[in-house]
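Following: one structure in structure tokens, then a few remarks.
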Amino acid sequence: MKYNGSLAKKEREEIFQLFLNNNKLKFSDIEKALNKDNTIRSNMIAYHIEKMQEDGLLEKKGFYYYLTKNAERCIPVFPHIIGTEMSPLPVALVAITNSNHILLIKRNKRPYKGYWSLIGGKILLEENIEEASLRLVKQKTGLEGSFISTNAVMHEHVEGDNMIKHSFMLFFTKVQVDTITCKKSEHGELQWFSPEEIASLNIIPSDLWLINHKLSRTVEIKQIVLYEHKGNLERFNLV
């Protein structure tokens with residue numbers, strides 16, 4: 001039987017999926033689970049396991065295989081990675097303020113290409129909302145700022161072609177900066193606007209609504225930290 005790239009990917013996904021229900025597996029356990037219909041040879045299973053070890057997904061201790069620490073981080077988003085399920089993307093949307101002006105960007109990438117918008121981007125795995133907001137401000141404008149508040153949490157759908165095209169969890173925040181001198185951004189044109197000027201722009205409608213209705217409001221966001229050791233949840237903190 002010929003093994004092409006897509007099939008190899010599928011088989012490695014199946015191996016990874018076995019570890020969603022098992023902390024550790026012997027080669028014989030993996031072989032038995034994957035070879036129910038005698039369609040995958042043992043040497044090909046060994047090949048995929050070896051490649052997954054090279055890629056830092058699996059490690060072997062004694063007779064058992066385990067997910068590596070980095071691979072463990074993929075467990076909650078595994079269906080998203082392989083495309084069987086899609087989840088809303090957590091995004092920080094930052095109102096960068098100086099005096100009575102807000103810094104906006106004219107997007108040069110899809111989605112929303114050509115629209116003015118708040119500075120925004122993905123919240124990374126290691127970040128809280130404040131850290132993500134300050135990183136995005138620095139990364140996309142070159143400005144150093146002070147985090148002021150989280151102002152709203154919204155769920156946004158983009159519908160088109162009779163489907164949900166995009167889905168975002170928006171964390172609308174405010175960061176204050178002391179200077180208006182920005183770096184040139186690869187993400188689009190940066191410009192300061194007064195609230196009156198913003199109203200006449202070709203701006204993402206939901207961003208305009210947030211500026212008009214939520215800029216002076218705040219919400220409390222608590223961060224939950226669960227501490228895990230060897231598969232056991234040992235303690236819990238609210239930050």
key: I81 vs. criteria of a type in the set (A, V, I, L, M, F, W, C) and within 30 Å of M154 (Cα to Cα)   = yes
message = Looking at T173, T179, T141, can you tell me which residue is surrounded by fewer than 16 Cβ atoms within 10 Å (Cβ to Cβ) and hydroxyl-bearing (S, T, Y)?
response = T179
query = So is M52 among the aliphatic types (A, V, I, L, M), under 31 Å from the mean Cα position of the chain (by Cα), farther than 18 Å from G231 by Cα and in the same structural domain as L18 (by TED's automatic domain parsing) or not?
reply = yes
note = The lone condition G121 fails out of (1) in a strand (DSSP E or B); (2) more than 23 Å from the chain's Cα centre (by Cα); (3) crowded, with 17+ Cβ neighbours inside 10 Å is (2)
key: Out of L233, L134, sole residue that is surrounded by 14 or more Cβ atoms within 10 Å (Cβ to Cβ) and in contact with a Phe, Trp or Tyr (Cβ under 9 Å, 6 or more places away or on another chain)   = L134
query = Under 6 Å by Cβ, and 6 or more places apart or on different chains, what pairs join a residue from the stretch 192-211 that is in contact (Cβ under 8 Å) with a residue 60 or more places away in the chain with one that is among the polar types (S, T, N, Q) and surrounded by 18 or more Cβ atoms within 10 Å (Cβ to Cβ)?
reply = I204/S117; D207/S117
ask   = Taking L201 and the conditions (1) assigned by TED's automatic domain parsing to the domain that holds I105; (2) farther than 17 Å from I102 by Cβ; (3) part of a loop (DSSP other than H, G, I, E, B), which numbered condition does it fall short on, given that it satisfies the others?
value = (2)
query = Does at least one position in the stretch 210-220 carry a residue that is among the β-branched types (V, I, T), at pLDDT below 95 and loosely packed, with under 14 Cβ neighbours inside 10 Å?
reply = no
message = Let me confirm something: among K138, K184, which residue is assigned by TED's automatic domain parsing to the domain that holds P111, free of Cβ contacts under 8 Å to residues at least 24 places away in the same chain, over 17 Å from the mean Cα position of the chain (by Cα) and part of a loop (DSSP other than H, G, I, E, B)?
response = K184
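The values are calculated or read from the model by the stated rules, or taken from the named source; none is laboratory data. Predicted, not measured: the structure shown is a model, and the values here were computed from it. Note that each Cβ is placed from the backbone with ideal geometry, even for glycine, and that neighbours are counted across all protein chains shown.
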